[in-house]
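J.: Please find one structure pasted underneath; my questions will follow.
Only the coordinates and a few stated rules stand behind these numbers; no lab work does. Because the structure is a prediction, the values reported are computed rather than measured. Cβ atoms come from the backbone with ideal geometry, glycine included; neighbour counts cover every protein chain shown.
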Amino acid sequence: MGEKTAITISRQFCCGGAKIGNMVAARLGYLYADREVLQLAAEKLGLPVEEISWRDERLASFWEKITSLFTYGLPDVSYTAPPFQTVTDQRLFELQAKIIREFAAREDCVIVGRGGVHVLRDHPGAVHVFLHAPDTFRVERAMEVYGAPTREKALSMIRESDRARQAYLARMARHDWTLSTRYHLCLDTGLLPPERAADIIELVVRSRQAPRES
């Protein structure tokens, strides 16, 4: 078997990472892994996925604060406290990292989030992608996809997500996920529609795989 290609997609909140990742995986015939990594980790730990999803890539307090932001705009929203922590953040991160490395060793794959750029930093077939967008684009998407009732609350949601993700990855991996030099490709999804972003990622991957002329 030849070297496997692993595309990691890191993204700011509300930049369309899952949609673009799914497109790329479908076009290339690769395994797509996002929540699947968390599901496998939960199975290995013998815990419900809901019990560990609170701390996945962000601090548990993120969703608590977001629910608080939306409470007055969405009366039917009720906050349920995170379950008692029966596994540490570090243990969860290390287990997910092990699962990601197993995926990447076994088959071509697209890994969205979960510190994939850090976990697969030494993988010879890795292509690391970072998706970002202006606040104006992300605010509109937060209102459309997550039902943020106002632009102010959407922006607060975005800021808290970015802060929580930065803190989590800095603590777990000592990793600054916004540093462009960690990536082969950085794309502004506020400028590019999902199809064009997927086109570019596919082009880079296929170009990387093509034999080089001497």
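J.: Any chance you could check the Cα centroid distance between region 98-177 and region 1-41 for me, in angstrom?
T.: Between the Cα centres of region 98-177 and region 1-41 lies a distance of 11 Å.
J.: Please give the residues of region 113-154, grouped as numeric ranges, whose backbone N is less than 17 Å from a label point set 7 Å along the Cα-to-Cβ vector of Arg27.
T.: 127-132
J.: Would you mind ranking Ile158, Ile9 by Cβ crowding within 10 Å, fewest neighbours first?
T.: Ile158, Ile9
J.: May I pose another question? At each listed q (0.18, 0.22 Å⁻¹), what is the log10 of I(q)/I(0) that the Debye formula gives for region 92-214 modelled as equal alpha-carbon point scatterers?
T.: Debye intensities relative to I(0), on a log10 scale: -1.13, -1.36.
J.: Another one. By count of other Cβ within 10 Å, fewest leading, how are Glu195, Glu51 ordered? Show your work: numbers first, answer last.
T.: Working: Glu195 10, Glu51 16.
The order, fewest Cβ neighbours first, is Glu195, Glu51.
J.: Oh, and also: For each of Lys98, Lys153, Lys44, count neighbouring Cβ atoms within 10 Å of the residue's Cβ, then give the residues from fewest to most.
T.: Working: Lys98 15, Lys153 21, Lys44 12.
Going from least to most buried by this count: Lys44, Lys98, Lys153.
J.: Here's something else I'd like to know. Starting from the amide H of His128, placed 1.01 Å from N in the peptide plane, find each other amide H under 5 Å away whose residue is 5 or more places distant or on another chain.
T.: Placed amide hydrogens put Thr8, His184, Leu185 under 5 Å from His128.
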